[in-house]
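Participant: Let me begin by handing over the structure; questions about it come next.
The values are calculated or read from the model by the stated rules, or taken from the named source; none is laboratory data. Keep in mind the model is a prediction, meaning the values are calculated, not measured. For neighbour counting, all protein chains shown are included, and Cβ atoms are generated from backbone atoms with ideal geometry for every residue, glycine included. Ligands, DNA and RNA are stripped out before the accessible areas are found, and what is left, the full protein with its side chains, is counted by its heavy atoms. Shrake-Rupley method; radii C 1.70, N 1.55, O 1.52, S 1.80 Å.
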Number of protein chains: 4
Amino acid sequence: MKSVIGKNITLSLYGESHGSAIGVVVDGLPAGIKVDTDFMAQQLDKRKPKGKISTQRQEKDEFAITSGVFNGYTCGTPIHITMENKAQHSGDYQPQFPRPGHADYAAHVKYSGFEDYRGGGHFSGRLTAPIVAAGAIAIDILRSKGITIGTHIKKCQHIEDRNFENFAEDIALCNSQYFATLDKTAGENMQQHIEAAGADCDSVGGILETCVLGMPAGVGEPYFNSMESVLSHYIFSIGGVKGIEFGKGFGFANLFGSQANDAFEMQDGRIITKTNNNGGINGGISNGMPLIFRVVVKPTPSIFKEQNTVNLETMENTVLSIKGRHDPAIFHRARVVVDSLTALALLDLLIQRYGERWLAE
Amino acid sequence: MKSVIGKNITLSLYGESHGSAIGVVVDGLPAGIKVDTDFMAQQLDKRKPKGKISTQRQEKDEFAITSGVFNGYTCGTPIHITMENKAQHSGDYQPQFPRPGHADYAAHVKYSGFEDYRGGGHFSGRLTAPIVAAGAIAIDILRSKGITIGTHIKKCQHIEDRNFENFAEDIALCNSQYFATLDKTAGENMQQHIEAAGADCDSVGGILETCVLGMPAGVGEPYFNSMESVLSHYIFSIGGVKGIEFGKGFGFANLFGSQANDAFEMQDGRIITKTNNNGGINGGISNGMPLIFRVVVKPTPSIFKEQNTVNLETMENTVLSIKGRHDPAIFHRARVVVDSLTALALLDLLIQRYGERWLAE
Amino acid sequence: MKSVIGKNITLSLYGESHGSAIGVVVDGLPAGIKVDTDFMAQQLDKRKPKGKISTQRQEKDEFAITSGVFNGYTCGTPIHITMENKAQHSGDYQPQFPRPGHADYAAHVKYSGFEDYRGGGHFSGRLTAPIVAAGAIAIDILRSKGITIGTHIKKCQHIEDRNFENFAEDIALCNSQYFATLDKTAGENMQQHIEAAGADCDSVGGILETCVLGMPAGVGEPYFNSMESVLSHYIFSIGGVKGIEFGKGFGFANLFGSQANDAFEMQDGRIITKTNNNGGINGGISNGMPLIFRVVVKPTPSIFKEQNTVNLETMENTVLSIKGRHDPAIFHRARVVVDSLTALALLDLLIQRYGERWLAE
Amino acid sequence: MKSVIGKNITLSLYGESHGSAIGVVVDGLPAGIKVDTDFMAQQLDKRKPKGKISTQRQEKDEFAITSGVFNGYTCGTPIHITMENKAQHSGDYQPQFPRPGHADYAAHVKYSGFEDYRGGGHFSGRLTAPIVAAGAIAIDILRSKGITIGTHIKKCQHIEDRNFENFAEDIALCNSQYFATLDKTAGENMQQHIEAAGADCDSVGGILETCVLGMPAGVGEPYFNSMESVLSHYIFSIGGVKGIEFGKGFGFANLFGSQANDAFEMQDGRIITKTNNNGGINGGISNGMPLIFRVVVKPTPSIFKEQNTVNLETMENTVLSIKGRHDPAIFHRARVVVDSLTALALLDLLIQRYGERWLAE
């Protein structure tokens, strides 16, 4: 249970950046769900590096589904999605020089020197491609149940996007873009900023904000499997994510209870909260309001500036210049991974409540 | 697997605030570990409400261990820790008026009206008492392996504590106090601020910062069971926690990669990082540096100011005045729960790596 | 996950034979199910030692439900069932002399001498009492869904009971008896045989046969979580069980495929099989026919005849005379434990398929 | 968690008989283990159909390892083993006529008609090929720790093989043969018998007996994760297995306790049991004696004789003649699958006790 997650929808992820193939087994989807491979390809396209704000490694991300889908529909047994690796430049990597900010050194200790160090091995962001392919199926299923997910780039250093306002429209707006911001100018400024950082051999971090609309109330568990627990478990799977906050998040530390509480009121015959400081979750359980959370993605650790490191063979201090093809920012590509993992986590919780039959209804 | 967590050390939590007893079954501790019931009592004492900054409900938190310990040592089979509830005032609760910020409404939907609404039922913070008792055993075991944990109150509204400096000393300082701050004046100011909020029928939130010293490098997994994934899963079990960040956390959004990366260097014959922006974790795996993370605890939702809510019987808007005994802040009491869950999470990961025999060595 | 089982309905078992209390936490039952404590007591009564065919240790098996039930209905949070131990005679046990056929020696190695050896500690059959209490709730739920379970004593040495004939009637017949046989004379002969073995300071084994009527087709999974896999996992939890077979079981080794296959045919508008050699399971999945399986329970290892063993302190051969109060047979008491574990296993599989809401419908 | 098994070594199985590929992800093997692909091929060879006693479908079973192995050693991340399907004759299958004894009808209900019916889909015995490939790695690891596994064909209808006598030699003898019997004549008679049944358009069942030598005492858990529970869970994954018994198994029903108990005695400075009726397991935990268990494999359900079934489209009784290429017996091929699953189950339990580092020591 190391590279495996999920109780009802179980994902088994495998692959190394420079191995022959990467992939995922998705176990637990009920039979009878139409699989939209075009949508899967569109989602993968959003994860692809594009333009000057991304790495020049161009993988086609062509995927094959080798099981679990029959005549275009899930047949109820595990779905295996696989992608070949083709565009590796393994010569760029030197195992004895751990790259600062990367998993290299931690992996070297954990795997006693047997790790596949090429391109970060299993730790490579490339492994998020099968997650996105699997997530596309989950997103599609949720959509058929009236649940939609959108993520925008809330902040990149000093540049901030506007908040979600009209949720349905804004989610659609997120999903229509490659570099997803709600405010067009903010997006353009961010992209220029990333490009400039790249030109300076550097990289930048940012904050993503996600909204899930249409979640029914009553999903999640108290204590050990709170919705926050389960969502954060999934989301922290993404290499560069170092923080997550729900609703007001860290802003709660500045509030009084009288400001933080979300008062209930009737609206169109159903109970809503006037404010949504709790981000749609009370006591670990959805309350029917939009789920809102933010995650921070650290600056890509691969930069072309010279850095200090240690030579693992001689155990002496040394200086490293990273080669290869790298992204000056990854949060805009991580966006669709957040959506994917969110969808997979919610689907797992929804099946717990409604049973696997419900999905295929 | 709803109120159950852990793969190697499994916790099963039960109880309601106003039921007859609460408790936890701790499954997976190997035989031969001395159980220090005095330390368990000390840890529980740190969770207790004290002074004017806490609720006036005074539970003695006397616990009984009814299995799994024989002649003072673990005997290798599940440990059951139970506590009777004695000081309930059930009459204070009215099920038809969901309290804003509480789980009442979400629970009402989830449990179709069958929930035990008295005192928040299973959602009550009272359930953290057995977690603290179990956590004390885990903290003790980690300490015997040279791993120590300390949490201080970093921030309460505008009042900030200083950062960790000398880790070993500061951890000891945290653990010697009931209201744990590194700076004495900051702590006094915070307590006055909480007391004032309480006097105003209100409550406040805050940020806790945790340091774990002595974690060996190489623990944790890439992707789905990253150290951040596992720790956040445990920590979000605490009712009021709405955010977690590791190392620089959300601050990473303001940094360039060249500022964020932690350069490696040799120190006294071992590899360290010059900075620790990543909080001791790279690629989901410990790198041997101190683990650093922060969690935000929202203001206690139980306040005595009048609030808007909905009458669940008539489905009409109404106004609610909460009665009972409540805390104007809970983060200072949540501190020891964070320590406990951290210890339990790390123990689970360490057993994965070293085997259960290692613990008893 | 050692003394924990179940994905949707999770059981956490704790206790030692001579500790202060034993119990179980049942996590995952949805809210709104009426809990019939009288039926729980009746089921426990079937597990109790009675007459000359059982041990003279008489525990009252009075149970307390300390959480998860509110106003007579499940409230959706974990149910804790506990029983005090009162009738221990701990002086009867000597840890240095492992009893042949018991877990003593294996436990001594596993727990490095820290095991609670008194009365078999956690290995004691006494731990099946909380399983029966939890199982009673599961049996009750299944009954409300039209699924009934019955187990009779098929064989005790040379004495055989008749086969199931009219399933519904025979299941009712099983459940109406303490010593459950379908043929009255067979039952009387078996009891005399057990009594004679007991008088001779010896014990006997036997075979139980279980029938589950009303299981819908389509439950279970191919491969790793076949219905046989899951049921056997649960049933082998019972200390003395050393074999399980489904349908024709080991008899399949004598058959040709043309004899073994169950032909399909229409009956009253639904598909049935003419024979039921496969015991209601094809490819790991229920086919709508009655589930049929048999388990063998070995003779109680506690006998009063002198036996050879080793003194664990001196590591020398020695001779042991077991004292205390013991059963000359346990299969008649194990019967209700089989029913209980079967119900809990099936409930888990049914929730997977139909969702937790279904149970409370 | 449907097509997933294992806590420390997790297998995710995927594929359908006539899909493009089948495979397994093996998660949890520590880094630094040499992977012997020749041995994997040898083990797969033992699973292949050969001669007149097997199906004429000849798959090459060429496998590719696309991740988790680097420079010939495990690198600590998930191992993906995949095999292409090439020799399918999908035209042989008609979905509307469920084959007696097969999963067809149960699958049809479970998957609401969306199942991949071709060649049994995911239920096909073909899926055991990746299990054997994964199992070969586990067998290899156990061997390096002094633990060996052998399975022979104990019984095919009236023909019986001799019992295990000299365990080490007999295990080697099992592993040196394709059709594994301890007595050469018994093996020849069985093969003639199978061939005759095949010529008569029929099939036969049989009993396999497995011995594991070198298991240390103290592995396994009381109650819910007894060694019998865990082993049976794995073994019942095999489609045709309908029973399992440990040690004397169902024979215990004929014994007195004084005959069934295994007396302890000293031998060469260590504790053994004089007899091994309990098959190396007491109270769910290994006692250091050889593990002995038997499983029954039912006659292959695919026979060429005419059989009664129901037309699922018209819901009318009809007659079916199965076409295609089928085995008149499968137990001789299932033998190596039993070995594989046994090794994988034991490895999981051993890691629990000794930690993942132990494997690579």
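Participant: Please specify each residue of the stretch C:227-248 satisfying the condition of being closer than 18 Å to C:Leu127 by Cβ and either β-branched (Val, Ile, Thr) or free of Cβ contacts under 8 Å to residues at least 40 places away in the same chain (or both).
Facilitator: Listed by number, the residues that qualify are C:Ile235, C:Phe236, C:Ile238, C:Val241.
Participant: Having 3 or more residues that are over 19 Å from B:Phe250 (Cβ atoms) is the bar; report the strands (runs of 3 or more DSSP E) wholly within the stretch A:247-361 that clear it.
Facilitator: A:264-267, A:270-273, A:307-311, A:316-320
Participant: Being open to solvent by 10 Å² or more (accessible area, probe 1.4 Å), at the interface with chain C (Cβ under 8 Å from one of its Cβ atoms), over 30 Å from C:Asn282 (Cα atoms) and over 22 Å from the mean Cα position of the chain (by Cα) is true for just one of D:Asn276, D:Asn254, D:Asn282. Which residue is that? Before the answer, list the steps.
Facilitator: Working: D:Asn276 fails: at the interface with chain C (Cβ under 8 Å from one of its Cβ atoms); D:Asn282 fails: open to solvent by 10 Å² or more (accessible area, probe 1.4 Å).
D:Asn254 is the lone residue from the list that is open to solvent by 10 Å² or more (accessible area, probe 1.4 Å), at the interface with chain C (Cβ under 8 Å from one of its Cβ atoms), over 30 Å from C:Asn282 (Cα atoms) and over 22 Å from the mean Cα position of the chain (by Cα).
Participant: Something else now. Looking at B:Asp116, B:Asp161, B:Asp92, can you tell me which residue is touching a strand residue (DSSP E or B) at 6+ places or on another chain (Cβ under 7 Å) and modelled with pLDDT under 95?
Facilitator: After applying the criteria, what remains is B:Asp116.
Participant: On to the next question. Assess whether D:Gly121 counts as being of a type outside the set (A, V, I, L, M, F, W, C), within 9 Å of chain C (Cβ to nearest Cβ) and open to solvent by less than 40 Å² (accessible area, probe 1.4 Å).
Facilitator: Working: of a type outside the set (A, V, I, L, M, F, W, C): yes; within 9 Å of chain C (Cβ to nearest Cβ): yes; open to solvent by less than 40 Å² (accessible area, probe 1.4 Å): yes.
Taking the combined requirement at face value, the residue satisfies it.
Participant: Also, I was wondering about something else. Scan the stretch D:119-161 residue by residue and report those that are under 16 Å from D:Gly23 (Cα atoms) and of a type in the set (Ser, Thr, Tyr).
Facilitator: D:Ser124, D:Thr128
Participant: I've got another one for you. Please count how many residues of the stretch D:259-270 are open to solvent by less than 10 Å² (accessible area, probe 1.4 Å) and either more than 8 Å from every other protein chain (Cβ to nearest Cβ) or over 22 Å from C:Ala197 (Cα atoms) (or both). Give the steps one after another, and end with the answer.
Facilitator: Applying the first criterion (open to solvent by less than 10 Å² (accessible area, probe 1.4 Å)) to the stretch D:259-270 yields D:260, D:262, D:264.
Then drop every residue that is not either more than 8 Å from every other protein chain (Cβ to nearest Cβ) or over 22 Å from C:Ala197 (Cα atoms) (or both), which leaves D:264.
Qualifying residue count, the stretch D:259-270: 1.
Participant: Checking the condition over 22 Å from the mean Cα position of the chain (by Cα) and either more than 7 Å from every other protein chain (Cβ to nearest Cβ) or acidic (Asp, Glu) (or both), which residue from B:Ile81, B:Ile33 passes? Reasoning before the result, please.
Facilitator: Details: B:Ile81 fails: over 22 Å from the mean Cα position of the chain (by Cα).
One residue alone meets the criteria, B:Ile33.
Participant: Determine whether the stretch C:193-208 contains at least one residue that is more than 8 Å from chain D (Cβ to nearest Cβ), under 23 Å from the mean Cα position of the chain (by Cα), surrounded by fewer than 24 Cβ atoms within 10 Å (Cβ to Cβ) and outside any helix (DSSP H, G or I).
Facilitator: Within the stretch C:193-208, not a single residue is more than 8 Å from chain D (Cβ to nearest Cβ), under 23 Å from the mean Cα position of the chain (by Cα), surrounded by fewer than 24 Cβ atoms within 10 Å (Cβ to Cβ) and outside any helix (DSSP H, G or I).
Participant: If you don't mind, there's one more thing I want to ask. Does the stretch A:54-65 contain at least one residue that is in contact with a strand residue (DSSP E or B) (Cβ under 8 Å, 6 or more places away or on another chain), within 8 Å of chain D (Cβ to nearest Cβ) and of a type outside the set (Val, Ile, Thr)? Talk me through it step by step, then tell me what you get.
Facilitator: First, the residues of the stretch A:54-65 that are in contact with a strand residue (DSSP E or B) (Cβ under 8 Å, 6 or more places away or on another chain): A:59, A:61-65.
From what's left, within 8 Å of chain D (Cβ to nearest Cβ): A:64.
Those left that are additionally of a type outside the set (Val, Ile, Thr): A:64.
Yes, the stretch A:54-65 contains a residue that is in contact with a strand residue (DSSP E or B) (Cβ under 8 Å, 6 or more places away or on another chain), within 8 Å of chain D (Cβ to nearest Cβ) and of a type outside the set (Val, Ile, Thr).
Participant: Here is a further query. Looking at the stretch A:209-229 only, could you name the residues that are closer than 21 Å to B:His108 by Cβ, open to solvent by 10 Å² or more (accessible area, probe 1.4 Å) and more than 7 Å from chain B (Cβ to nearest Cβ)?
Facilitator: A:Gly214, A:Pro216
Participant: OK, next. Residues being out of contact with any Leu (no Cβ under 9 Å at 6 or more places or on another chain) and part of a helix (DSSP H, G or I): count how many of those fall in the stretch A:107-119.
Facilitator: If we filter the stretch A:107-119 for residues that are out of contact with any Leu (no Cβ under 9 Å at 6 or more places or on another chain), which is where we start, we get A:107, A:109-112, A:114-119.
This time we only want the ones that are part of a helix (DSSP H, G or I), so: A:107, A:109-110, A:118-119.
So the count comes out to 5.
Participant: If you don't mind, another one. Can you pull out the residues in the stretch D:282-302 that are closer than 30 Å to D:Gly119 by Cβ and among the aliphatic types (A, V, I, L, M)?
Facilitator: Across the stretch D:282-302, the qualifying residues are D:Val295, D:Val296, D:Val297.
Participant: While we're on this one: Can you name every residue in the stretch D:138-192 that is surrounded by 14 or more Cβ atoms within 10 Å (Cβ to Cβ) and either acidic (Asp, Glu) or in contact with a Pro (Cβ under 8 Å, 6 or more places away or on another chain) (or both)? Give the steps one after another, and end with the answer.
Facilitator: To start, the set of residues in the stretch D:138-192 that are surrounded by 14 or more Cβ atoms within 10 Å (Cβ to Cβ) comprises D:138-143, D:145, D:147-157, D:159-161, D:164, D:167, D:170-171, D:173-175, D:177-183, D:186-187, D:189-191.
Hits for the stretch D:138-192 are D:Asp140, D:Glu160, D:Asp161, D:Phe164, D:Phe167, D:Asp170, D:Asp183.
Participant: Here is a further query. Only residues in the stretch B:175-194 that are touching a residue at least 60 places away in the same chain (Cβ under 8 Å) count as the first member; pair them with residues that are open to solvent by 20 Å² or more (accessible area, probe 1.4 Å) and not aliphatic (A, V, I, L, M), Cβ under 8 angstrom, at least 6 apart or cross-chain, and list the lot.
Facilitator: The qualifying pairs are B:Tyr178/B:Asp45; B:Tyr178/B:Lys46; B:Tyr178/B:Lys50; B:Phe179/B:Gln191; B:Gln191/B:Gly51.
Participant: In addition: Output the residues belonging to the stretch C:51-87 that are surrounded by 14 or more Cβ atoms within 10 Å (Cβ to Cβ) and assigned to a loop (DSSP other than H, G, I, E, B).
Facilitator: C:Ser54, C:Thr55, C:Arg57, C:Glu59, C:Asp61, C:Gly68, C:Cys75, C:Gly76, C:Thr77, C:Pro78, C:Asn85
Participant: Another one. For the stretch C:350-361, name all the residues that are of a type outside the set (Phe, Trp, Tyr) and open to solvent by 20 Å² or more (accessible area, probe 1.4 Å). Let's see the steps before the verdict.
Facilitator: To start, the set of residues in the stretch C:350-361 that are of a type outside the set (Phe, Trp, Tyr) comprises C:350-353, C:355-357, C:359-361.
C:Arg353, C:Arg357, C:Ala360, C:Glu361, listed by residue number.
Participant: Separate question: Are any of the residues in the stretch C:103-116 β-branched (Val, Ile, Thr), surrounded by fewer than 24 Cβ atoms within 10 Å (Cβ to Cβ) and facing chain D (nearest Cβ under 9 Å)?
Facilitator: Checked against the condition, which is being β-branched (Val, Ile, Thr), surrounded by fewer than 24 Cβ atoms within 10 Å (Cβ to Cβ) and facing chain D (nearest Cβ under 9 Å), the stretch C:103-116 yields at least one hit.
Participant: Spot the failing condition for A:Ser17; the list is (1) surrounded by fewer than 22 Cβ atoms within 10 Å (Cβ to Cβ); (2) within 11 Å of chain D (Cβ to nearest Cβ); (3) farther than 30 Å from C:Ile5 by Cα, and only one is missed.
Facilitator: (1)
Participant: Cβ-Cβ under 8 Å, sequence separation 6+ or interchain: first residue in the stretch C:342-358 and at the interface with chain A (Cβ under 7 Å from one of its Cβ atoms), partner open to solvent by 20 Å² or more (accessible area, probe 1.4 Å) and aromatic (Phe, Trp, Tyr). Which pairs?
Facilitator: Going by the 8 Å Cβ cut-off, the qualifying pairs are C:Gly355/A:Tyr354; C:Gly355/A:Trp358; C:Arg357/A:Tyr354.
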